[in-house]
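Where a number appears in this text, it was derived from the coordinates with a stated rule and is not lab data. Keep in mind that this is a model prediction, so the values were computed, not measured.
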Amino acid sequence: MIKKRNYLYKNKKVLFVLKIIDFFIDLLPIKKNSLPKEVNKILLIKPDHLGDVLLLTSVLPLIKEKYPNIKIDIIIGSWAKVILYNNPYINNIYEINHFRLDRSKKSVFNKLLKFLKDYFGVLKDIRQNYYDISINFRSYGDNLITLQLLSKSKYNIAYGSTGFGGLLDCELDIVEKKHEVEYFLDLLAKLAIKEDINNLHSFVSISKDDKQYVKEIVNRYKLKDFIIIHPGSGDTKKMKDSVFWEEIIKCHKETIVFCGTKDEKYLIKDLKNKNILDLMGIFSISQLVEFYKKAKLIYTVDSLAGHLASITDTKTISFYSDFTDTIRWKPLGSNVKVIKNHNRFLKDLKSESDR
């Protein structure tokens, strides 16, 4: 049966090729496997960036609740390993740095070599594990669907939006205007796992040492009623200039603390306001979440920072770009307010501070 699919590809040439491939796949008499009655091992695939993997943590407890005795393994990019550090639901992590998702400064050639080495190394390992179910949580291209299909998993679930859907045991069609986590829930619904997105939240594991470290930082700098600005993003097009942050700072009397990585320090080098504290590069992911909990208010751009802030109860303002689909990519929870009209927000903030 020839199936009509919604593809998430903008390149017309790629789209044409995929449609031709899927057309012939649909003509083949491919036998679809049934969902196994006994499930002992599940393989998850999510080679995305940090924020995307953080969103995935919101549904991990649902899988474990459905199958209490299973082992959950996952394939991610090495950069996202920090999100799953000490995660109680994950048994084993496989790392594949897809060359098109790799944001490192390596050459394209070196990225491709690394990807091929990762791909075939992980393929060998997962084929020996004979997973009962594999679930691919990336609906965009570069989702490693070929790896999934070669994995020897008894039952493969994924979206057909990137091609090769006819080879899956359970193919879902992408329906736009949903939150990313709702797409996760649609996949899990095929395992009879259901939950309201409003009941879900992302999480990272925070150790006693993390809490102690943050406490020492807060005490060292005598921080109280402070505001955090996290100006960095993996996509430079999503960031704001120093002039914008200067205007934000002028509207607050509290101490302004800048957080981020050491590589992002250049973002604040032109700031002239003396009421700021540079703590960029001193926190791990888990420590940053703990530090966020201590703040009065957090400002971020469209980045991992907004999603990390959503884990806490701290009020957060996240400045999103016009080209970002906020319906799909906004942080979970109600404490993060997404702002797209940045100038209007700044104008209102100035009016409020002048009262």
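Computed from Cα positions, the angle between helix 12-27 and the longest principal axis of the chain comes to roughly 40 degrees. Counting only the Cα atoms, the stretch 104-189 fills a convex hull of 114 Å³ per residue. Between the helical axis of 342-354 and the longest alpha-carbon principal axis of the chain there is an angle of about 30 degrees.
Among the listed pairs LYS41/LYS211; LYS31/LYS111; LYS177/LYS240, give every one whose C-alpha distance is greater than 29 Å. Exceeds cut-off: LYS41/LYS211; LYS31/LYS111. The ellipsoid that matches the Cα gyration tensor of the stretch 71-138 has semi-axes, each √(5λ) in whole angstrom, of 23, 15, 9, with the longest given first. With 29 Å as the limit, the listed pairs LYS71/LYS315; LYS12/LYS81; LYS272/LYS294; LYS106/LYS294 have LYS71/LYS315; LYS12/LYS81; LYS106/LYS294 beyond it between alpha carbons.
Based on the Kirkwood radius over alpha-carbon pairs, what is the Stokes-Einstein translational diffusion coefficient of the stretch 236-355 at 20 °C with 1.002 mPa s viscosity, in µm²/s? Answer from the Stokes-Einstein relation: 143 µm²/s. Mean-square fluctuations from a GNM of the chain, with a 10 angstrom spring cutoff on Cα atoms, peak among CYS170, CYS259, CYS251 at CYS251.
May I ask for the angle, rounded to the nearest 10°, between helix 208-220 and the longest principal axis of the chain, with both axes built from Cα atoms and the value confined to 0 to 90°? Orientation of helix 208-220: about 20 degrees from the principal axis. One quarter of the surface of the convex hull around the alpha-carbon atoms of the chain equals 19.6 nm², the direction-averaged projected area.
Taking ILE276, ILE327, ILE256 as the candidate residues, the one with maximal mean-square fluctuation in a Gaussian network model of the chain, Cα springs under 10 Å, is ILE327.
Highest mobility in the GNM of the chain, judged by mean-square fluctuation with C-alpha springs under 10 Å and restricted to PHE203, PHE99, PHE184, is found for PHE99.
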